[in-house]
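A quick write-up on the structure given underneath.
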Amino acid sequence: MNDKEQLDLFAEKHTLLKDEIAKVIVGQQEAVDALLLTLFTGGHCLLLGVPGLAKTLMVNTLAQALGLSFSRIQFTPDLMPSDITGSEILDRDRNFKFVQGPIFASIVLADEINRTPPKTQAALLEAMQEHRVTVAGTSYPLPNPFFVLATQNPIEQEGTYPLPEAQLDRFMFNVRLDYPAFDEEVQIVRQTTVPQTATVENVLSAEEILSFQQLIRRMPVADNVVEYAVRLVANTRPNTQAIKQSDSQAISRYISWGAGPRASQYLIMAARTYAAMHGKYSPDAEDVRAVAFNVLRHRIVRNYYAEAEGVTTDQIINELLK
């Protein structure tokens, strides 16, 4: 089977996967699409939304449809790094034995990740970047594929610990979930207040996911599309040569720090996956624009002028895309 036929198969599998998730999840199409983009790109995703928007259910349903191992970690102020990665214990024979923590799963739900101190948040850094955990000088590989899907509650800030920029940069996407529409909420109430009958079928295997990830990496990308993505990211960086030569100088006055090279990489990778999901064999600039908000949202640091004038990060990205 050549790459073109595999891309056609990928589009079919993507449709089947969305149909299975829709058996349980009503609406939230943007969030579901972002999770699937993260999955096939091989990145990690941060979900921002108020309680009750089915963030946890969405991730759990995705794990069921994929037949992958699933682990949920509820982040609390007293959580220790060893509670995530695992620790060494003394067995009956007085030998040290490593006991794996909940991080050893293909899909890890980091629930309310900002409720734990930075020391515990940092336990995820090596796992997210290197797909391994190091304990007492010994490295242990994590399952493949491996995804961290984290949630945050944007309402409560008291008693929380904002994620460091280095940690935020490890997430490919930052997705904001909104309240469902009226008709969707009616359907949610009807569907969840009766005995549950929907069963989610396994659509993809781990081997197929890894195969599709490699397929997407082989997708050709035109030079002008790569340059467009890099130029878009460069225009988020204030006081650089790139922005001085562009029409974005008015926007730069609202930015303290811009996105790094990882944003350019994720824009191209996500654009490839987005194009494949929509039956294309190569991404174009429109595909880059379609994923730009979720990639750049958490990588642009606003300054005092933006906060004083009420300019949001999404407004800045929207102006950059114009």
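Out of everything in segment 70-103 that is in contact with a strand residue (DSSP E or B) (Cβ under 7 Å, 6 or more places away or on another chain) and part of a loop (DSSP other than H, G, I, E, B), what residue ends up being modelled with the lowest pLDDT? The extreme case among them is ASP91. Return a yes/no flag: does segment 73-95 have any residue that is closer than 27 Å to ILE25 by Cα and buried (at least 21 other Cβ atoms within 10 Å of the Cβ). Within segment 73-95 (the criterion being closer than 27 Å to ILE25 by Cα and buried (at least 21 other Cβ atoms within 10 Å of the Cβ)), the answer is yes, since at least one residue qualifies.
Of all the residues in segment 275-314, those that are exposed (fewer than 15 other Cβ atoms within 10 Å of the Cβ), part of a helix (DSSP H, G or I) and at pLDDT below 85 number 6. In segment 128-166, the residue that is surrounded by the most Cβ atoms within 10 Å (Cβ to Cβ) out of those that are aromatic (Phe, Trp, Tyr) and in a loop (DSSP other than H, G, I, E, B) is PHE146. Quick one: would you say ALA122 is within 20 Å of the chain's Cα centre (by Cα) and of a type in the set (Gly, Ala, Ser)? The answer is yes for ALA122. Annotation: ASP3 fulfils all but one of (1) modelled with pLDDT of 80 or more; (2) farther than 18 Å from THR192 by Cα; the unmet one is (1). Taking segment 96-111 as the range and being surrounded by 16 or more Cβ atoms within 10 Å (Cβ to Cβ) and among the β-branched types (Val, Ile, Thr) as the test, the residues that pass are ILE103, ILE107, VAL108. Applying the criterion of being surrounded by 20 or more Cβ atoms within 10 Å (Cβ to Cβ) and touching a Phe, Trp or Tyr at 6+ places or on another chain (Cβ under 8 Å) to the residues of segment 116-127, the residue that is farthest from PHE146 (Cα to Cα) is THR116. Would it be correct to say that GLN64 is under 20 Å from THR138 (Cβ atoms), surrounded by fewer than 22 Cβ atoms within 10 Å (Cβ to Cβ) and modelled with pLDDT of 80 or more? Spelling it out, it is not the case that GLN64 is under 20 Å from THR138 (Cβ atoms), surrounded by fewer than 22 Cβ atoms within 10 Å (Cβ to Cβ) and modelled with pLDDT of 80 or more. Please verify whether GLY43 is outside any helix (DSSP H, G or I), farther than 26 Å from ALA166 by Cα and in the same structural domain as TYR179 (by TED's automatic domain parsing), treating the condition exactly as stated. Spelling it out, it is not the case that GLY43 is outside any helix (DSSP H, G or I), farther than 26 Å from ALA166 by Cα and in the same structural domain as TYR179 (by TED's automatic domain parsing).
For segment 186-210, the set of residues classified as without any contact (Cβ under 8 Å) to a residue 40 or more places away in the chain and not in a loop (DSSP other than H, G, I, E, B) consists of VAL186, VAL189, ARG190, THR192, GLU207, listed by residue number.
Take the residues in segment 50-107 that are of a type in the set (Val, Ile, Thr) and free of Cβ contacts under 8 Å to residues at least 24 places away in the same chain, then tell me which one is nearest to HIS14 (Cα to Cα). Once the filter is applied, the top-ranked residue is VAL99. Considering only residues that are at pLDDT below 80 and among the hydroxyl-bearing types (Ser, Thr, Tyr), which ones fall in segment 237-266? If the condition is that a residue be at pLDDT below 80 and among the hydroxyl-bearing types (Ser, Thr, Tyr), then THR240, SER246, SER248, SER252 are the ones that fit.
The values are calculated or read from the model by the stated rules, or taken from the named source; none is laboratory data. Everything quoted here is computed from the prediction, not taken from an experiment. Virtual Cβ from ideal backbone geometry, glycine too; neighbours counted across all protein chains shown.
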